[in-house]
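Asks: Just passing along the structure, written as structure tokens.
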Amino acid sequence: MKIVLNGDSREVQATTLADLLKECGYSGRVATAVNENFVSAPLRTSTTLNDGDRVEVLAPMQGG
Amino acid sequence: MRTFYGTELPNPLMLGTAQYPSPAILEQAFRESSAAVATVSLRREGAGGAGQTFWQMITDLDVHILPNTAGCHTVKEAVTTAHMAREVFGTDWIKLELIGHTDSLQPDVFQLVEAARILTDDGFQVFPYTTDDLIVGERLLEAGCEVLMPWGAPIGSGRGLNNEYALRAMRSEFPDTPLVVDAGIGLPSHAAHAMELGYDAVLLNTAVARAGEPATMARAMKLAIEAGQLAHQADPIEARDMAEASTPVIGKAFLT
């Protein structure tokens, strides 16, 4: 399945958001959105991905 | 000391975490400033996990975390970002930025009020980055905000307080609301000026982070804010157009 992760198109095996994070090596404090909608951490396991989905994985960063 | 959503801050300085030459200098600046609040943001996490390293450093600072919605231009974008920030940073505080103009980064106050209402209803404690417009301030309070953060000048401009009259009017109009001058501070004298007007805190970033010696500037800001706060408490004299001799005339020798 092909998805867009943080703006980059990529082929992945995962079918849920939780599995995608594991497959791509994300751990620690991140927040997720699929197709511009926030997906809270408890819902990642039950959130299935579809071809062409746009996934954002955000983390703490410097800010003013 | 004013409380912000029930939290009493030991120091009225809110300091940004962006643009420092290195993480070590950021840490030094925070120590020297005694800032009680650190503003932070959310960005795409890369493969190296830079966000996790930053999170650990911010945690070690032992300050209150105020995540922002910097760079958001729509209500939906800001609201979604706020929800993501709440999960990552574990706080209901959100510095709500809704940018309306590319060059000045002026807030889009119409969308700001709408987003503030949505986020307040969702349980957030909103710190709105706004203009110095009184009516917008009223609308933000009606939307549920308990803090207002008018700009001193455009973000990163270092121009100080562009419109002292408007900021005075805000202080007068909202005597019981915690007010923070957010953005535009370039020098310690600007920060002192805000505190002299009776503002409850100052939020700044660039003035410290981009100074030649950030840690030294951080200390200067701390001292200036304390001086301005004391000056306000001391009930300053009113400015006059004409001179008024301070040395008594009575008893002066007749020597002409």
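The values are calculated or read from the model by the stated rules, or taken from the named source; none is laboratory data. Because the structure is predicted, anything quoted here is derived from the model rather than measured. Quick reminder, even Gly has a Cβ in these numbers, built from the backbone with ideal geometry, and neighbours come from all protein chains shown.
Asks: Do you know which residues across region A:31-61 are β-branched (V, I, T), more than 7 Å from chain B (Cβ to nearest Cβ) and either closer than 30 Å to B:L26 by Cβ or touching a helix residue (DSSP H, G or I) at 6+ places or on another chain (Cβ under 7 Å) (or both)? Explain how you work it out, then say what you get.
Replies: Taking region A:31-61 and keeping what is β-branched (V, I, T), we get A:32, A:34, A:39, A:45, A:47-48, A:55, A:57.
Pick out the ones that are also more than 7 Å from chain B (Cβ to nearest Cβ) and you get A:32, A:34, A:39, A:45, A:47-48, A:55.
Hits for region A:31-61 are A:T32, A:V34, A:V39, A:T45, A:T47, A:V55.
Asks: All but one of (1) under 17 Å from the mean Cα position of the chain (by Cα); (2) away from chain A (no Cβ under 13 Å); (3) among the basic types (K, R) hold for B:R117, so report the exception by its number.
Replies: Every listed condition holds for B:R117 apart from (1).
Asks: When you scan region B:17-24, do you find a residue that is of a type in the set (F, W, Y) and more than 8 Å from every other protein chain (Cβ to nearest Cβ), even just one? Please lay out each step first, then the result.
Replies: Quick first cut of region B:17-24, residues of a type in the set (F, W, Y) only: B:20.
Subsequent filtering for residues that are more than 8 Å from every other protein chain (Cβ to nearest Cβ) retains none.
Checked against the condition, which is being of a type in the set (F, W, Y) and more than 8 Å from every other protein chain (Cβ to nearest Cβ), region B:17-24 yields no hits at all.
Asks: Hey, another quick one. Could you list, in sequence order, all residues of region B:68-78 that are farther than 18 Å from B:D103 by Cα, β-branched (V, I, T) and buried (at least 21 other Cβ atoms within 10 Å of the Cβ)? It would help to see each step written out before you state the result.
Replies: Initial filter on region B:68-78 (farther than 18 Å from B:D103 by Cα): B:68, B:75-78.
Right, trim to β-branched (V, I, T) and you get B:75.
The answer is none; no residue qualifies.
Asks: Given (1) surrounded by 17 or more Cβ atoms within 10 Å (Cβ to Cβ); (2) at pLDDT below 95; (3) of a type outside the set (S, T, N, Q), where does B:R117 come up short, assuming only one miss?
Replies: B:R117 satisfies all of (1) surrounded by 17 or more Cβ atoms within 10 Å (Cβ to Cβ); (2) at pLDDT below 95; (3) of a type outside the set (S, T, N, Q) except (2).
Asks: Look through region B:33-54, keep the residues that are under 18 Å from B:Q19 (Cβ atoms), more than 10 Å from every other protein chain (Cβ to nearest Cβ) and small (G, A, S), and return whichever of them is surrounded by the most Cβ atoms within 10 Å (Cβ to Cβ).
Replies: Residue satisfying both the conditions and the ranking: B:A35.
Asks: Can we say B:G184 is in a loop (DSSP other than H, G, I, E, B), surrounded by 23 or more Cβ atoms within 10 Å (Cβ to Cβ) and modelled with pLDDT of 95 or more?
Replies: Values: in a loop (DSSP other than H, G, I, E, B): yes; surrounded by 23 or more Cβ atoms within 10 Å (Cβ to Cβ): yes; modelled with pLDDT of 95 or more: yes.
The answer is yes for B:G184.
Asks: How many of the residues in region A:7-24 are more than 11 Å from chain B (Cβ to nearest Cβ), in contact with a strand residue (DSSP E or B) (Cβ under 8 Å, 6 or more places away or on another chain) and outside any loop (DSSP other than H, G, I, E, B)? Write out each step before concluding.
Replies: First, pick out the residues of region A:7-24 that are more than 11 Å from chain B (Cβ to nearest Cβ): A:9-20, A:22-23.
Retained after the next criterion (residues that are in contact with a strand residue (DSSP E or B) (Cβ under 8 Å, 6 or more places away or on another chain)): A:9-12, A:15-17, A:20.
Going one step further and asking which of them are outside any loop (DSSP other than H, G, I, E, B), we end up with A:9-11, A:16-17, A:20.
Here the count works out to 6.
Asks: Please pick out the residue among A:G64, A:G28 that is more than 22 Å from B:T74 (Cβ to Cβ) and at the interface with chain B (Cβ under 7 Å from one of its Cβ atoms). Before the answer, list the steps.
Replies: Details: A:G64 fails: more than 22 Å from B:T74 (Cβ to Cβ).
None of the other options fit; the residue is A:G28.
Asks: Of these, A:S46, A:S27, which one is within 18 Å of B:W55 (Cβ to Cβ), of a type in the set (S, T, N, Q) and not in a strand (DSSP E or B)?
Replies: Numbers: A:S46 fails: within 18 Å of B:W55 (Cβ to Cβ).
None of the others qualify; the one that does is A:S27.
Asks: Considering (1) farther than 26 Å from A:P42 by Cβ; (2) more than 14 Å from every other protein chain (Cβ to nearest Cβ); (3) within 18 Å of the chain's Cα centre (by Cα); (4) not acidic (D, E), say which one B:Y129 fails and leave the rest.
Replies: So the condition that B:Y129 fails would be (2).
Asks: Sort out for me the strands (runs of 3 or more DSSP E) sitting completely within region B:1-99 that have 1 or more residues that are farther than 21 Å from B:R210 by Cα.
Replies: Working: elements: B:13-16, B:37-44, B:64-67, B:93-96.
Per the criteria, B:37-44, B:64-67, B:93-96.
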